[in-house]
Amino acid sequence: MSRTVSLTLELSVMRISIAFVGAASIATTFPLSLDAQRAKPAPEKTTHVSLASETAGREPKAFAPLVGSWVITKDAGNNVLFIDGRVWKRGQPAGGLADKARELYGARNEDFIESIKAFAYYPIAVYKGLDNFENGEIAVRFQMIGGTLDRCAGILFDVKPNGDYLTVRYNGTEDNVVLWTFNNGVRKFVNRATTPTPLELGTWHTLKISVHGTQLKSWLDDQPMHDYTLAHPVSGKIGVWSKTDSMIEFADFTVTPTSK
Amino acid sequence: MTMRLRFLPTCAALVVLPAAATNAQAKKTTRNPTPRAKLAAECTWKPTDGWVKRQAEFFDESKHDWTNDSLRTALLAAAGLTAPLKAPVNFGVHVEGRDSTPPAGAAAMVAALTKLAATRGSTWPTKSVVGAAGTHAVSMLVSLDTGLARAALHRMMEAGPAESPAVDVATLEDRLRLVWGRKQIYGTQFRRGPDGKVELAPMEDSSHADLRREDAGLPPFKLGLCMAGAGKS
């Protein structure tokens, strides 16, 4: 079975995407970037990220917390991932950011660190188990616990080595689902789902996105939220996202990469 | 249509003792926060409690580093406050029907704040503009008008924790949620039941209330209930 591989070359501000057929031949013919060489092939099956073997009170092992205080905690006896906004401090990345960035992006981590610092109001934790998500579905369950300024739970995707990313998030202080882009240190509103959806704190809900080429769809508790055409195809790491002092529990992070 | 709300009590009036206590006792307790022997154990606090220290930190005005002193003075007068405010400034206990009458100048200041909130790009009176006491005065004044309160809450949240008193933001959000027909989330709003007893207004997710209250600089839930003179819910 042939597989389409998209290789993205960063040339100054211009981005060129080249599609090839036959991954094996590319690897021998073209000098790939370090990221492409390290990329794990996307399995075409649903991966459910289990937190069962994680230790409560510690940082997660399955995710790399880059901004904010992310810890494993218990909810009804089960391990969940908690972003603890009580300890949020303005502009503070998570501890050990350089080491974590190095683990994710090898030597090319300086741009990443700079961008993450610029976006330090927005806690993120990057999933370590998949290097490149292009097409497919990502879902996560979340429960809002609190946050005086914000109560945000989001899916992080298209995370680039320079720290740019996209997020589809639910905001419990605005009752809406919005797609945001974070590029070169600038956060930009892209698209708001038209349906306001108030959710109660302390109740579990599911946020899901699907990406096929440039087509992005999102759902909140199976209710359609977005059907939007992105400016570029998605290609990058994934994870979970939050904002400032939000206190959110995340669980059942699942990813189903597909070839198209 | 906006709904007129009663005036949010000042810091002194916010100290509500169990139902039998008199207002005079409440004021006395504010001046001297030392626990009184006859109060229930859960109805007392110490100046070293985390939530008291958190409020003290925000309301510390020893640096005098606000920029608009005339606006600050006007706000304090309109709200009937005298600076400096001594922590705890807000216990997060609002019992419907126990509101005090707003000072004479309150209505004019509410009108001015309404105009300000409606002006795009206007500078909202945050801590760096009118000082911490000024921001508390703003919180009290905006609570008089639902439409203004909504706009102000948005401005206060947007300004962030260094510029807006989290304890006031939380209390205001609870109050507005009830006006909008939703449940409160911090447990700061109380009502009188059919039997005349004070009871907690509808609340969601009370199991995580203390996490939220800690984040906002509010006293523990148990203390709030005790101060309101409410039965445990």
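A few comments on the model shown:
- Only Lys, Arg (+1) and Asp, Glu (-1) charged, at Cβ; the stretch A:47-257 dipole about Cα centre in debye: 420
- Interface residues, the stretch A:233-254 - accessible area loss of 20 Å² or more versus chain alone, probe 1.4 Å: A:MET247
- Share of carbon and sulfur in the accessible heavy-atom surface of the stretch A:47-257 [1.4 Å probe, %]: 48
- Contact-buried residues of the stretch B:196-225, at a threshold of 30 Å² lost accessible area versus the chain by itself: B:GLU204, B:ASP205, B:HIS208, B:LEU211, B:ARG212, B:ASP215 (1.4 Å probe; DNA, RNA and ligands ignored).
- Summing both sides, the accessible surface hidden between B and A at a 1.4 Å probe radius is close to 1700 Å².
- Taking amide H as placed 1.01 Å from N in the peptide plane, A:SER69 has its amide H under 5 Å from the amide H of A:ASP84, each at least 5 places away in sequence or on another chain.
- A rounded overall shape is assigned to the stretch A:47-257, the ratio a/c of its alpha-carbon gyration tensor axes (a ≥ b ≥ c) being less than 1.5.
- For the stretch A:170-217, accessible area per residue (1.4 Å probe, heavy atoms of protein chains only), Å²: 44
- Accessible area in square angstrom per residue, the stretch B:130-233, 1.4 angstrom probe: 31
- Probe 1.4 Å, all protein chains present, accessible-area order of A:GLU103, A:GLU200, largest first: A:GLU103, A:GLU200
- Chain-alone versus full-assembly comparison, the stretch A:180-209, residues with accessible loss of at least 50 Å² (1.4 Å probe): A:GLU200, A:LEU201
- Under the Karplus curve 6.51 cos²θ - 1.76 cosθ + 1.60, θ = phi - 60°, whole-Hz ³J(HN,Hα) for the stretch A:231-237, x wherever Gly or Pro sits: 6, 9, x, 8, 7, x, 7
- Amide N of the stretch B:101-133 lying under 16 Å from the label point, which is placed 7 angstrom from the Cα of B:ALA77 along Cα→Cβ: B:103-113
- C-alpha center-to-center spacing [the stretch B:95-145, the stretch A:182-201] in angstrom: 29
- Length gained on full extension, B:ASP65 to B:ALA108, computed as 0.36 nm times the residue gap minus the Cα-Cα distance: 12.9 nm.
- Extending 7 Å from the Cα toward the beta-carbon at both A:VAL190 and A:THR214 defines two label points whose distance is 1.2 nm.
- When the listed pairs A:LYS188/B:LYS183; B:LYS63/B:LYS115; A:LYS160/A:LYS208 are checked against a 26 Å cut-off, the alpha-carbon distance exceeds it for A:LYS188/B:LYS183; B:LYS63/B:LYS115.
The values are calculated or read from the model by the stated rules, or taken from the named source; none is laboratory data. In this text, all values refer to a predicted model and were calculated from it rather than measured experimentally. Note that each Cβ is placed from the backbone with ideal geometry, even for glycine, and that neighbours are counted across all protein chains shown. Protein only, heavy atoms only, side chains kept; ligands, DNA and RNA dropped before computing areas. Shrake-Rupley method; radii C 1.70, N 1.55, O 1.52, S 1.80 Å.
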